[in-house]
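K.L.:
My questions will all concern the structure given below.
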């Protein structure tokens with residue numbers, strides 16, 4: 001193998017990485033800002049699908065508009081006017097109301113109220129999430145969390161790094177293979 005072919009492949013690989021990687025984060029001396037929490041406010045009559053936990057619990061989390069957990073707040077679950085249970089949130093804003101059956105429930109914390117259609121894991125539609133999310137102080141902003149749609153956005157740098165590294169390695173392998181083919185052709189020529 002000629003050293004010049006290997007050098008060309010390495011230059012192509014490094015150039016590909018240099019173009020694709022966000023250079024400002026690599027060269028910047030300041031810390032990157034944390035990603036902004038995206039809160040989607042739903043219409044008041046929206047019913048979200050929720051999967052019960054293993055012990056038949058409605059689980060979820062309360063946060064404020066900045067995405068910080070709301071600690072020690074009371075979360076109440078009602079079916080119609082009947083209170084099914086209540087729970088205090090922990091240090092992470094998490095709560096759990098055990099022994100709930102399938103049906104439609106209101107989950108509330110203060111003025112934030114959300115309506116959820118609760119399913120067993122076996123019967124839940126694909127849109128059902130394992131936890132509910134109450135954004136306290138946002139006049140009823142609520143949602144579901146679990147495997148979030150923002151995972152790709154939050155890990156975009158890592159995804160981009162893996163993809164470009166793969167492309168760079170593929171380019172290097174193609175260059176090495178072409179070098180090998182050229183060398184084999186040179187040996188066959190008189």
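K.L.:
With labels modelled as points extended 7 Å from the Cα through the Cβ direction, what inter-label distance (nm, one decimal) is found for residue 178 paired with residue 123?
P.N.:
It is 6.1 nm.
K.L.:
What FRET efficiency do you get for residue 99 and residue 47 if R0 is 35 Å and r is their Cβ-Cβ distance, rounded to the nearest 0.05?
P.N.:
That pair, residue 99 with residue 47, gives E of 0.95.
K.L.:
Next question, about the same structure. Work out how much length residue 92 to residue 68 would gain on full extension: take 0.36 nm times their residue separation and subtract the Cα-Cα distance, in nm to one decimal.
P.N.:
7.8 nm
K.L.:
Under a crude label model (7 Å from the Cα following the beta-carbon direction), how far is residue 106 from residue 12 in nanometres?
P.N.:
Calculated label separation equals 6.5 nm.
K.L.:
Which ordering of 131, 177 is given by a fewest-first count of other beta-carbon atoms within 10 Å?
P.N.:
177, 131
K.L.:
Run the numbers on the range 47-142 and let me know its relative contact order in percent, using alpha-carbon pairs under 8 Å that are six or more apart.
P.N.:
Once normalised by length, the contact order is 38 percent.
K.L.:
What ranking of 61, 188 emerges when the number of other C-beta atoms within 10 Å of each C-beta is taken as an exposure proxy, fewest first?
P.N.:
188, 61
K.L.:
Once you put a point 7 Å from the Cα of residue 113 and another 7 Å from the Cα of residue 54, both along the Cβ direction, what distance in nm separates them?
P.N.:
The modelled label-to-label distance comes out at 3.4 nm.
Each value in this text was obtained by applying a stated rule to the coordinates, not by laboratory testing. Source: prediction; values computed, not measured. No Cβ is skipped: glycine too gets one built from the backbone with ideal geometry, and neighbour counts run over all protein chains shown.
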